[in-house]
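Engineer: There's a structure below that I have some questions on.
The values are calculated or read from the model by the stated rules, or taken from the named source; none is laboratory data. Since we're looking at a predicted model, the values are computed, not measured. Cβ coordinates were reconstructed from backbone atoms using ideal geometry, including for glycine residues, and neighbour counts include every protein chain displayed.
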Amino acid sequence: MAQVAMRPHAGLVPDVVWRPLGAGDLAYVAALEAQIHAAPWTVGNFRDAIAAGYWASVGECEGRILAYGVLMLAPGEAQVLNLSVVHDARRRGLGRALLRRFVAVAIERGAEQVFLEVRAGNAPAIALYAAEGFLPVARRADYYPGSAPDAPREDALVMRFAWLRPSVEGLRRGDA
């Protein structure tokens, strides 16, 4: 997919360029991942995802990666494996824009449904996914490691895109 400059929500984020996650990004993205998540992906996880042909993307502004994610495509479905926004760029529409890009790619590639997993306690992410048409379909008990060494494990909420056939171009632009 070509680089596309877009404004997820006018006025909130300067021009963001979405491009494929490349080998040269791995160390930096893994470092961001370690700052964002209690159980972060490693360089090896990202490398393996790219090698497996998963659709991986980063959103950059002025040379700085602000958001990134990985989408696994399979016959008839897709799964968002990672969708992350750096702390100081949250609540500016980047997560929504990347999620919409993922759904657009899934539709283009013939998926009939899109799944994702989210920590059951991550209310902001759950609200975003619900607002974008994802509905809870299952709960996985004790799925995620605790957010600290002594913290209890956390359940995962499995969500599925409530399939509508929206305009792929509208999703890509972030205005559907």
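Engineer: Out of all the residues in region 92-108, is one or more surrounded by fewer than 17 Cβ atoms within 10 Å (Cβ to Cβ), at negative phi and in a loop (DSSP other than H, G, I, E, B)?
Structural biologist: The answer is no, given that none of the residues of region 92-108 is surrounded by fewer than 17 Cβ atoms within 10 Å (Cβ to Cβ), at negative phi and in a loop (DSSP other than H, G, I, E, B).
Engineer: Considering only residues that are under 11 Å from the mean Cα position of the chain (by Cα) and among the β-branched types (Val, Ile, Thr), look in region 57-81 and name the one that is farthest from residue 16 (Cα to Cα).
Structural biologist: Among those residues, the one meeting the criterion is 80.
Engineer: Among the residues of region 137-147 satisfying the criterion of being touching a Lys or Arg at 6+ places or on another chain (Cβ under 8 Å) and in a strand (DSSP E or B), which is farthest from residue 119 (Cα to Cα)?
Structural biologist: So the residue we want is 137.
Engineer: Still on this structure, please answer the following. Which residues, taken from region 109-124, are modelled with pLDDT under 95 and buried (at least 20 other Cβ atoms within 10 Å of the Cβ)?
Structural biologist: Hit for region 109-124 is 111, nothing else.
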